[in-house]
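The values are calculated or read from the model by the stated rules, or taken from the named source; none is laboratory data. Predicted model only: the values in this text are computed from it and were never measured. Positions of Cβ are backbone-derived with ideal geometry, glycine not excepted, and every protein chain shown enters the neighbour counts. Keep in mind that these areas ignore ligands, DNA and RNA; they rest on the heavy atoms of the full protein, side chains included. Shrake-Rupley method; radii C 1.70, N 1.55, O 1.52, S 1.80 Å.
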Amino acid sequence: MLQFKLVLLGDSSVGKSSIVNRFVKDSFDEFRESTIGAAFLSQTVTIKDSDANGNEAQEVTVKFEIWDTAGQERYKSLAPMYYRNANAALVVYDITQADSLEKARSWVQELKNKVDDDSLVIYLVGNKIDLATDDDKDKREVEENVAKTYAEENGLLFSEVSAKNGQGIQQVFRSIAEKLYDIR
Ligand code: GDP
C-alpha cells in the first residue's frame, strides 16, 4: 500500500484537530481538548487510477500518516520535526479570523524556505465555512477569492471546508492523495 506522511499546520483553534477528527472518525466534538505537542492518526483513502487515455482502471488505496501539531507558540519549534519528512502539508486558517490567514502565510513561507523537497504538496484550507451565512450573522473575515488568489500565486491547492458539518473534508484528502499518486 502507498503511504504518505501528512502534517497539519496553522494557528491554534483554527480547527486542525477537528479536521483530522472529521476525516478519520467522521465526527465533530464541540468541546475537544487542545492538542499538546502533536498527535498521530492514520487513515486510508481510495482513489481511482486512470490510464493515459483517462479511462478508469483500478482502485488504489493510499494510507495517510497524519501528524496534527499544536498551534501554540510554545510548540512552534517542534514543527520542523513533523514537516521535514512530510509528503504533504495541510495549512489551515479560520475564515472568521483574518489573523489566522496571516499565520498560514507564514507557515507556507517557512515550508518553502526550509523544505528542500520540491514535491511537497501544500494544501491551504479555510475552515469553518458553516459560520459564513447570507444574513447579518455572517462571521466571515477572509474572502474566498483573496485566499484563492494567494494559493494560485504560490502553487498551493486550496479549498474552504467545515469540520463541523463535514463539507469539503473528504475532498481535501482525496485531492492530496491523487496529487501524491500522480507525482510519486
Ligand atoms: P486546533 O487548535 O487548530 O486543533 O482547533 P480545534 O480542532 O481544537 O478547534 C478549535 C475550536 O474551533 C473548537 O471549539 C472547535 O469546536 C471549533 N471548530 C473547529 N472546526 C470548526 C468548524 O468547522 N466550524 C465551527 N463552527 N467550529 C469549528
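Rounded, prolate or oblate, given the Cα gyration tensor of region 1-107, with a/c below 1.5 counting as rounded? Because a/c hits 1.5 or more and a/b exceeds b/c, region 1-107 counts as prolate. Between the residues Ser12, Thr133, Asn53, the greatest Cα displacement towards the positive end of the dipole of the chain, with unit charges on the Cβ of Lys, Arg, Asp and Glu, is found for Ser12. What angle, in degrees between 0 and 90 and rounded to the nearest 10, separates the Cα long axis of helix 98-114 from the longest principal axis of the Cα atoms of the chain? Roughly 40 degrees, rounded to the nearest 10. When the listed pairs Lys76/Lys128; Lys103/Lys139; Lys112/Lys164; Lys48/Lys103; Lys16/Lys139; Lys5/Lys114 are checked against a 28 Å cut-off, the alpha-carbon distance exceeds it for Lys112/Lys164; Lys48/Lys103. Its Cα centre serving as origin, the chain has a Cβ charge dipole (Lys and Arg +1, Asp and Glu -1) of approximately 660 debye. Comparing mean-square fluctuations of Lys63, Lys128, Lys114 from a GNM of the chain with C-alpha springs under 10 Å, the top value falls on Lys114. Across region 98-184, Cα pairs under 8 Å and at least six residues apart give a relative contact order of 31 percent. In this simple spin-label approximation, Asp182 and Asp117 carry label points 7 Å from Cα along the Cα→Cβ vector, and these lie 1.9 nm apart.
Using θ = phi - 60° in the Karplus curve 6.51 cos²θ - 1.76 cosθ + 1.60, the 3J(HN,Hα) couplings for region 118-127 round to 5, 8, 4, 8, 10, 10, 8, 10, x, 9 Hz; x is entered for Gly and Pro.
Annotation: the antiparallel percentage among DSSP beta bridges lying fully within the chain is about 35.
Surface exposure of region 1-132, expressed per residue as accessible area with a 1.4 Å probe, stands at 50 Å². Using a cutoff of 8 angstrom between alpha carbon atoms and counting only pairs six or more residues apart, the relative contact order for the chain works out to 26 percent.
Rounded to 0.05, the FRET efficiency of the Asp134 and Ala39 pair, given R0 = 45 Å and the Cβ-Cβ distance, is 0.80.
Ligands, DNA and RNA left out, the accessible area of the chain computed with a 1.4 Å probe is 42% carbon and sulfur. Computing Rg and the Kirkwood Rh from the Cα coordinates of region 111-170 gives a ratio, Rg/Rh, of 1.07. Net charge in the neighbourhood of Thr133 (other residues with Cβ under 11 Å of its Cβ; Lys, Arg +1, Asp, Glu -1) is -2. Comparing mean-square fluctuations of Val24, Val108, Val121 from a GNM of the chain with C-alpha springs under 10 Å, the top value falls on Val24. Under a Gaussian network description of the chain, with springs only between Cα atoms under 10 Å, the residue in Asp11, Asp118, Asp134 that fluctuates furthest is Asp134. Placing a pseudo-label 7 Å from each Cα along the Cα-to-Cβ vector at Arg74 and Asn165 gives an inter-label distance of 3.7 nm.
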